[in-house]
Amino acid sequence: MSGGVGWLGTGKMGTALAARLLEAGHQVSVWNRTASKTGPLVRRGADAVTQPRDLATCRIVFTTVGGDTDLEQVVTGHNGILAGATRPAIIVDCSTVSAEASATVRAAAAEAGVAFLAAPVSGNPGVVTSGGACIVASGPSAAYDEAKPLLDCLAGTVVPAGPGEGARVVKLAHNLYLGVMAQALAEVTSLAEHAGVRRADFLEFLGGTVLGSRWISARAGALATRDYTPTFTLDMLRKDLSLGTSAAGALGVPLPLAAAVEQLAAMASGQGHGDQDLLALAELQPAPQISEGVHHEHP
């Protein structure tokens, strides 16, 4: 077994995360279904392998994939990480998937003698690159302790969430809150705009109050100009809202606001905004009947 680190899934998020390990001096081997996407990491010193099972020579393998089926396939599939006689000591999954899929993969890993950590990430690739991401991790405490130095390379905040699937629920709760917050921001901004206040002015005011946040400060410019260049797409939000409300249903927890936003996100996606940023929720608000340039004078 190699002392290096394996990384499976080199989309935008996976590339940003793995790059931080390379910058910290770690030896990293990478695999992606579309092999060309490993190029940026290979040019920075990573080694590319031809199938997921080749990463099993690494002691710790990270995964960043798109959903439940992808995770199960790359871990337990025909050429998955667990397919060969050699297995890693620890698999760390940084994807956002359901607790059910995570538990299934965890059980398969345990049967193969491999520890499994659920370690979803909060933050887009730009936030990851700047060191501002947050990770919540759940799984065996010994595996968490061993992986913690690597997790600290990936994110500025790393928090444990117990031995089971707590990390999955924490990440889904985070994204439920994100969706509700984005919808609320779209609504109150629309109200101010209909009263003749410019979006930018309202958002500057809100950002300066006790209700302001780093997220509002970071996204106010895009909302003010209706720039929906994706950082986290509406369709990705829809997936997480669905996972979150399903988890809440299984636990008997009512989430009426999140359920409403899930329906609104579906409406916005149906109108063609699915591949745009989640702020495109604002496009469901009616356009004001006044000129954009008309606004109340300062007293």
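Quick one: angle between helix 256-268 and the longest Cα principal axis of the chain, in degrees between 0 and 90, rounded to 10, please. Roughly 80 degrees between the two axes. Rounded to a whole number, what % of the accessible area of the chain do carbon and sulfur atoms account for, probe 1.4 Å? Carbon-and-sulfur percentage of accessible area, whole number: 58. When the trypsin sites (Lys or Arg not before Pro) in the stretch 8-89 are filtered for DSSP coil states and for at most 10 other beta-carbon atoms within 10 Å of their beta-carbon, the remaining sites are ARG43. Averaging the Cα positions of each part gives two centres, and for the stretch 223-260 and the stretch 37-88 these lie 29 Å apart. Solvent-accessible area per residue in the chain equals 46 Å², computed with a 1.4 angstrom probe and all protein chains kept. Give the longest segment of the chain that steers clear of GluC sites (Glu not before Pro) in DSSP loops with at most 16 neighbouring Cβ atoms within 10 Å, not counting the sites themselves. Counting at most 16 other Cβ atoms within 10 Å as exposed, the longest clean stretch of the chain is 1-291. Close amide H contacts of ARG59 (hydrogens built in the peptide plane, cut-off under 5 Å, sequence separation of 5 or more or a different chain): SER2, GLY4.
Amide H contacts of SER95 (H built 1.01 Å from N, in plane; Pro and chain starts excluded): VAL65, ALA119 sit under 5 Å, all sequence-distant by 5 or more or on other chains.
Using a Gaussian network model on the chain with a 10 Å cutoff between Cα atoms, which of ALA222, ALA48, ALA133 fluctuates the most? Judging by the Gaussian network model, the answer is ALA222.
Each residue of the stretch 189-197 was assigned a 3J(HN,Hα) from its phi angle through the Karplus curve 6.51 cos²θ - 1.76 cosθ + 1.60 (θ = phi - 60°); the sequence is 5, 5, 4, 4, 5, 5, 8, x, 9 Hz, with glycine and proline shown as x. Amide H contacts for VAL158 (H built 1.01 Å from N in the peptide plane; partners 5 or more residues away or on another chain; cut-off under 5 Å): ILE135. The count of lysine pairs in the chain whose Cα atoms are under 20 Å apart, excluding pairs fewer than 8 places apart on the same chain, comes to 5. Computing Cα extents along the principal axes in Å for the structure here picks out one of (i) 77, 52, 27; (ii) 75, 57, 29; (iii) 72, 45, 34, namely (iii). 3J(HN,Hα) along the stretch 32-47, derived from phi through the Karplus expression 6.51 cos²θ - 1.76 cosθ + 1.60 where θ = phi - 60°, amounts to 8, 4, 8, 4, 4, 6, 7, x, x, 6, 4, 5, 9, x, 6, 9 Hz, with x in place of Gly and Pro. Count the DSSP beta bridges whose two residues both fall in the chain, then state the antiparallel fraction as a percent rounded to the nearest 5. So the antiparallel bridges amount to about 15 percent of the total. Entry note, the chain: the mean residue ellipticity at 222 nm calculated from DSSP H runs of n ≥ 4, each adding -39500 (n - 2.57), is -15000 deg cm²/dmol after division by the residues and rounding to the nearest 500.
The values are calculated or read from the model by the stated rules, or taken from the named source; none is laboratory data. Source: prediction; values computed, not measured. A quick note on method: Cβ atoms are made from the backbone with ideal geometry, for glycine too, and the neighbour counts reach across all protein chains shown. These accessible areas exclude ligands, DNA and RNA; they are computed on the full protein's heavy atoms, side chains included. Shrake-Rupley method; radii C 1.70, N 1.55, O 1.52, S 1.80 Å.
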